[in-house]
Amino acid sequence: MVYFVGAGPGDVDLITVRGRKLLEKADVVIYAGSLVSREHLRFCKKEAILIDSSGLTLEEILEVIKIHEGRDKVIVRLHTGDPTIYGAIAEQMEGLKKLGIDYEVIPGVSSFTAAGAVLKKEFTVPGVTQTVILTRLAGKTPVPEREDLTQLSKIGASMAIFLSVKNIEDVVKKLRAGYGEDTPVAVVYKATWEDQKIITGTLKDICNRLKNEGFESTAIILVGDFLTSIGKSRLYSKDFSHAFREAKN
Ligand code: SAH
């Protein structure tokens, strides 16, 4: 059985209980060495086989799984954050299906929610926006034209932009098609890692503020008024009834 496990954003305590238990039981762990903290491997059995996938092709990963797969064998494929977001697991699952190998996906804390947490912000502030857009700039992986940042910026929702910090100038240029130049931006580098860094600003000045930081990857860009707005949710207000509480007069 193969388990795609979300390792969380960095801090090893931010894996799920189920994910940690599987790591402890695993006979083989194939981990994304470029992004997953090696601290997670401390929890593996002494005899577990640990393989860094960062230098492997899809075919090689599937080959490793094929070699080790067997009855009662636990194979963990450890991905950063949540495996369902830019995790490239679709093609791995397709490959396993063809090989007739069973698999399961264990969710994880994505870097975008981790970034929201370290900033102590809510993405869905009532009266501001009720929508979160997760997106990226096109790289080797293309982005459909209708999802270009220029288009998405016109919605004015909260946005988390992955895999794009290296091209922050491009990101800002596109975002300015829809958001005003005073729209707040936060860039969180290595959220929840020991060397985490947070740079905040607006669409007007964020490029300047990032100039000397040299962030190339492992940083997420958050944009939107949720970063500076104060919530107006009525969920906890006295005169608001809901399924679990009657309004108090
Ligand atoms: N599945 C992952 C995303 C993998 S794509 C998730 O759910 O978070 C890799 C991108 O994720 C990086 O380019 C960066 O934009 C973001 N990322 C991953 N870990 C991060 C972290 N600890 N802090 C900030 N951004 C991170």
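Below, the figures for the structure above:
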item: Candidate set: region 72-120, residues that are acidic (D, E) and not in a strand (DSSP E or B); chosen: the one least open to solvent (accessible area, probe 1.4 Å); result: D82
item: Members of region 166-189 that are in contact (Cβ under 8 Å) with a residue 40 or more places away in the chain, open to solvent by less than 40 Å² (accessible area, probe 1.4 Å), more than 13 Å from F112 (Cβ to Cβ) and within 22 Å of the chain's Cα centre (by Cα); result: I168, V171, L175, P184, V185
item: Failed criterion for T129 (all others in (1) farther than 19 Å from R38 by Cα; (2) in a helix (DSSP H, G or I) hold); result: (2)
item: Residue in region 108-118 that is within 29 Å of V5 (Cβ to Cβ), assigned by TED's automatic domain parsing to the domain that holds A219 and away from the ligand (no atom under 16 Å from the Cβ) present; result: no
item: Matching residues, region 7-52, being crowded, with 20+ Cβ neighbours inside 10 Å and at pLDDT below 95; result: V36, S37
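The values are calculated or read from the model by the stated rules, or taken from the named source; none is laboratory data. Predicted model only: the values in this text are computed from it and were never measured. For neighbour counting, all protein chains shown are included, and Cβ atoms are generated from backbone atoms with ideal geometry for every residue, glycine included. All accessible areas refer to the heavy atoms of the entire protein, side chains included, with ligands and DNA or RNA removed. Shrake-Rupley method; radii C 1.70, N 1.55, O 1.52, S 1.80 Å.
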